[in-house]
Structures are given as C-alpha cells and as structure tokens.
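Following: one structure in structure tokens, then a few remarks.
The values are calculated or read from the model by the stated rules, or taken from the named source; none is laboratory data. The structure presented is a predicted model; accordingly, all values stated were derived computationally and were not measured. Positions of Cβ are backbone-derived with ideal geometry, glycine not excepted, and every protein chain shown enters the neighbour counts. Side chains included, ligands, DNA and RNA excluded: accessible areas come from the protein's heavy atoms. Shrake-Rupley method; radii C 1.70, N 1.55, O 1.52, S 1.80 Å.
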Amino acid sequence: MRVVVVGAGYVGLVTSACLAELGHEVTAIEIAPERLSRLQRGETPILEAHLDELLPRHTTSGRLRFTDSYDPVCDADVTFIAVNTPAGVFGQTDTRFVRAAFEAIAPRLRPGATLAVKSTVPPGTADAFAERLPDNIVVSNPEFLRQGTAVQDFFAPDRIVIGAQSQSDADALGCLYQSIDTRVFVTSRCSAELAKYAANCFLAMRISFINELSHLCESSGADVDELAQVIGADRRIGPDFLRAGLGWGGSCFPKDLLATIDIARLAGVPHALLDAVYDANVRQRQAAARHIADATRGCQRPVVGVLGLAFKPETDDVRGSPALEVIGCLLEQGFQIRAHDPQAMPNAAAALPNITYCEDAYDTARGADVVLLATEWPEYIELDWQRVRELMRGDTIADGRNALDPRRIAEAGLRYRGFGRASTTLASAIFEEARR
Ligand code: UGA
C-alpha cells in the first residue's frame, strides 16, 4: 500500500521504517530542514536498535523516501499523523502540530483514503477530524512502542488498537498490519485515544506504588524485591514494572500523566490517584538526594559520581531523566557532580553544561564521596568494586535502580544504599565486619 507518515520524529520514523520492512511504499514528511537532510543522506538521527539497518535498507530499496512536501498525500492510501504532542504550560496536551498537520493533509486526501492519527491526542481529536472529512476514513491508531526496543515492539506488539467508526473502516487500516500476528482491538476512536493515556498512567502507577512500598519496606524490615516477586506472581498483577528506584522518567510517562490529569480536570472528574502517582515520583528523586546529603554530611564540597544519565538504558534520551533531576537537586545544594553515560553525554551536556563528564565508570568514581547508579546500563552492574573503592574519597554506593549486588559492594568495603532492600541491612553488617 502507499503510505504517508507525517512527522519523522521518534514514532514517525520507527513506524515508517517498519512499514517499509512490511513491504509498503512509504513517504515520511519531515519539515525540520536539518533532520530532513540527515535522513535524506541516509543518517539515523536517533539511537534505536535496528533502525540503522532498516533505514539504509529501505532508502536503497526505494520503499522509504523522505520529503518536506505534502504532495505525496494526494496519492496515499493511508496517511498517518505522527507529529509530536508536547506538554503545554499547564500540562495539557499541546495539539498545535497535530492540527497544523491536519490542515496540510485535509485538502490533499483523495476521497476514500484513510487518515490515521498516531500522535497521542486527547479523546475527541479524531472525531473532530472525521467531521471535517466526510469523504474519508478517519481512525485512531495509538502506539505503544518503548524506546530502545521500538522496532522489536512494532513487529511483536502485545496488541494493535484501531479506533474506528465501523469494522470496515478499521479494516482499511488493519490490512497494513496484516502480517503481524497479534490481537487487534477495534474500539471507538475516543476509547483508542484514551487507552494510550491510560496505559502509560497505569504503568507509572505501578512504579509509584512499588516506590512508595519501598519506604514501607525500609521502616518494617521487609524487602521490596521479595515483595515485588510475590505480588508479581499473582496472574492478576503480573511481574513487570515493579522495580523500585529513582522513579519513572522519559518523554512519555510524565507528559501523558499530566495530560490525563488535565483531561480529567476539564471533564470535572476526580483525579486524586493520578496526582498521587505524580507526587510519589517527585518524592522519589528528593529521597535519593536526601540519602546522598546524609551520606556526605560533614564533607567539604561533596562530590557525587553519577553513573547513567539517560532516562533508561539503551537510549541516549535524557528527557524527564531521573538522573538529571537528582543532579539538579544536588547542584542546588552545592554538590560537585562527575558523571558518565555510554550514550547520553552529548544530550546531557546540552541540559547540564556545568558538571564534569567522565571517561568511564572508574573515572566517575575518582574522588567521589558517593557514587550514584542512576541508569542501570549493563556495563555498570559488574564493576570491579575494589577498584571503585580505591578511586573514591568516600565509601557510599547509592543504588538508584536496585540493580546492584549489595553483598559484592559491601565485600569491597563500600557502604550500600538501595531503595527498600532488606539486603541493605545485610550489606551494612558485612561492611561493618570488613571494617573491623
Ligand atoms: C513508555 C511505554 O512503556 C510505551 O508503551 C509507550 O509507547 C511509550 O512510553 C510512549 O508513550 O511513547 P518508554 O518511555 O520508552 O515507553 O519507557 P519505559 O520502558 O516504559 O520506561 C519508563 C520509565 O520507567 C523509565 O524511566 C524506566 O527506568 C522506569 N521504570 C520502568 C522503573 O522505574 N521501574 C520499572 O519497573 C520499569
């Protein structure tokens, strides 16, 4: 089929490349000149596994083209809107770019062609577009791709959601995904739009829940990892997204949670639970900064070595990154920061120019009073902790992701501090023993 994807940002680019891989003829429209010329030169502007294979393969095969002209919409069977929807000043979804894309697309759509809204938009957006396009099929088709595994998620999704007026309208889009073996949910357009927000809010809620429980574990002597295993074994609960730590970040959870609060506020319906999910996440960053301040009490100009700056591993994205937010709190309190990330240092440097960027994890530990694991990149998990100890000025390892082995750290003569892990107590005992 002939497909146009408007917006070659994160979602649009992955969607375009993957649809080309499925055999469709795809034109991606990108109006940012610099990004467009990079794409036309065959460069991959984002770090995403497998994208650097798919893009050259299909720009060479001719199944994937990039342009800044909306003319290809005139011949398309399906046109996707996949532009970004940033947060407005009050947290509301800013649909300016979606509406601008719609105005450019609408006059060009041929009768019977399909318009699919992939951008995350408040319920009612696609219905409003449908009213303006009586001769076209308008569907909502939210995405659930995770950064770092987006290509894999595209080809093996948990589900595909198509919000449509009728089954035949849904089929007009569904045939694009024919070769993907998964459940397809056909819903109303509003349900599809709200389902996207609801999924992200629910996942954020699970993390905020386990984070809040981690404090209860600390005060009661329970272990949050054990707790997560036990409750996660219940099929009604499931094991994912129950890892305690610095809290959730990224470009999606914070934005979509605030947007959902705004949607609820405008509708006049209660949103106390969503507010609490957000607040618990803020408190988690503050708790980490407090632990670090406690561990460095009495130090002159304390130094913190931060391992990981991306909002999660396998991405160079620092938007909403817990690491950057904790660093922000620490800088306000006069800490010196040394930091490293295998991929995200250039992006972090744009946001935080005044910290010291290091060669690797060991260089980060040099002279540090505390080393904070902020992003659980695999290369940080199995460090030579003895060497870390020798390089540090202090002796505290703050595990912001509950990803390290407390016993190994304590055996190297380092103090371990995690979130709600009873093994922290065990590690303290080993540490004290090693000191005597
Ligand atoms: C999220 C959703 O998972 C995707 O389904 C959705 O399509 C995407 O947002 C989006 O709306 O575009 P993503 O932002 O890539 O995907 O990140 P996640 O893998 O969901 O992780 C979000 C945050 O939660 C990260 O900071 C991660 O470190 C944190 N997290 C995750 C935890 O703190 N604990 C966990 O147990 C799991």
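Observations on the model:
- Amide H within-cut-off set for GLY250, under 5 Å, with H built and near neighbours excluded: GLY320, SER321
- J(HN,Hα) series, the range 361-368, from Karplus relation 6.51 cos²θ - 1.76 cosθ + 1.60, nearest Hz, glycine and proline x: 4, 5, 4, 5, 6, 4, x, 7
- Computed magnitude of the charge dipole of the chain (debye, nearest 20; Cβ of K, R +1, Cβ of D, E -1): 600 debye
- Within a Gaussian network of the chain (alpha carbon springs, distance under 10 Å), most fluctuating of ALA295, ALA126, ALA32: ALA32
- Sorted peptide list for 178-191, 160-173, criterion being average Cβ within 10 angstrom, highest first: 160-173, 178-191
- Per residue, the average separation of C-alpha pairs within less than 8 Å and at least 6 apart gives the range 287-436 a relative contact order of 21 percent.
- Amide H to amide H, with H built 1.01 Å from N, ILE31 comes under 5 Å of ALA8, counting only residues 5 or more places away or on other chains.
- Note on the range 329-436: with charges restricted to the Cβ of Lys and Arg (+1) and Asp and Glu (-1), its dipole about the Cα centre is near 360 debye.
- Using a probe radius of 1.4 angstrom, the carbon and sulfur fraction of the accessible surface of the range 177-252 is 58%.
- Counting DSSP beta bridges with both ends in the chain, the antiparallel % (nearest 5): 5 percent
- Amide H contacts of ARG65 (H built 1.01 Å from N, in plane; Pro and chain starts excluded): VAL26, THR27, ALA28 sit under 5 Å, all sequence-distant by 5 or more or on other chains.
- Remark: the chain is approximated by an ellipsoid whose semi-axes, taken from the C-alpha gyration tensor as √(5λ), come to 44, 24, 19 Å, largest first.
- For the chain, built as a Gaussian network whose Cα springs stay under 10 Å, the top-fluctuating residue of ALA272, ALA49, ALA288: ALA272
- Relative protection proxy for 34-42, 385-393, from highest mean packing down: 385-393, 34-42 (other beta-carbon atoms within 10 angstrom).
- The range 38-53 residues near the modelled SER61 label - backbone nitrogen below 13 Å, point 7 Å along Cα→Cβ: 53
- Per-peptide average of other Cβ atoms within 10 Å, ordering 231-241, 148-158 highest first: 148-158, 231-241
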